[in-house]
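Worksheet for the structure shown next.
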Amino acid sequence: MNPITETTVPNGHDRAAGPETTNRAIHRAAVNKANAQHSTGPRTEAGKQRSKMNAFRHGLTGQTVVLPTEDHSAYERHSQSFLDQYHPKDATETQLVQSLIDTSWRMNRAATVETNLFSLGITEMEDRIRVNHPEAEAALAMAMAFREHMRAFASISTQSQRLARPIQPRPIQSRG
């Protein structure tokens, strides 16, 4: 194990940097902290509502389960179907079922976003491909759409896996 040296940056970043880089980083952190003291955040209810959505990108994570563009009554029907199936008896069961409701709603959204992204990509690419075979043109347009939007598809996949992880059954491990 290597001993900690005096040139080690406290936050672990840029360990090979010299003392001048360390001093700049410490100064920048102090300036940022001082600037943050001037921020009071949103003051009106409308501002608070807007601010709540600042980090919104894809709607697969975060506090908002039903997005403003989604049908709230569809979410209610979705919820009721789970409640009818599981009949939670106490607070713990209710919490677990609610978690399952919200997670499955978000997973359905992820699948919809992925389908819509493919549809958009196919529409964008269909004029660029001419092989005089409709199925081949659609398949090639889909491949091009995937290639064009690979990062978006990877993000959807990552978020879907994160959503699914807590509700996937885990294998029972032996104790011996």
Looking only at region 80-127, and only at residues there that are among the aliphatic types (A, V, I, L, M) and open to solvent by 80 Å² or more (accessible area, probe 1.4 Å), the one that is farthest from Arg151 (Cα to Cα): Ala91
Scan of region 23-64 for residues that are at pLDDT 65 or above, of a type outside the set (Val, Ile, Thr) and assigned to a loop (DSSP other than H, G, I, E, B), ordered by number: Gln37, His38, Ser39, Gly41, Pro42, Arg43, Gln63
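Take the residues in region 148-173 that are over 26 Å from Leu96 (Cβ atoms) and either free of Cβ contacts under 8 Å to residues at least 12 places away in the same chain or basic (Lys, Arg) (or both); name whichever of them is most open to solvent (accessible area, probe 1.4 Å).
Checking each candidate, the answer is Arg151.
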Residue match in region 88-101 (condition: more than 30 Å from Ala143 (Cβ to Cβ), in a helix (DSSP H, G or I) and in contact with a His (Cβ under 7 Å, 6 or more places away or on another chain)): yes
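Residue-wise test of (1) modelled with pLDDT of 85 or more; (2) part of a helix (DSSP H, G or I); (3) out of contact with any Ser or Thr (no Cβ under 8 Å at 6 or more places or on another chain).
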site	(1), (2), (3)
Met125	no, yes, yes
Leu140	yes, yes, yes
Arg151	yes, yes, yes
Arg162	no, yes, no
Verdict on Arg130 being open to solvent by 60 Å² or more (accessible area, probe 1.4 Å), basic (Lys, Arg) and assigned to a helix (DSSP H, G or I): no
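The values are calculated or read from the model by the stated rules, or taken from the named source; none is laboratory data. On a predicted model such as this, the values are computed, not experimentally measured, just so you know. Glycine also receives a Cβ, built like all others from the backbone with ideal geometry; neighbour counts cover every protein chain displayed. To get the accessible areas, we keep the full protein, side chains included, count just its heavy atoms, and leave off ligands, DNA and RNA. Shrake-Rupley method; radii C 1.70, N 1.55, O 1.52, S 1.80 Å.
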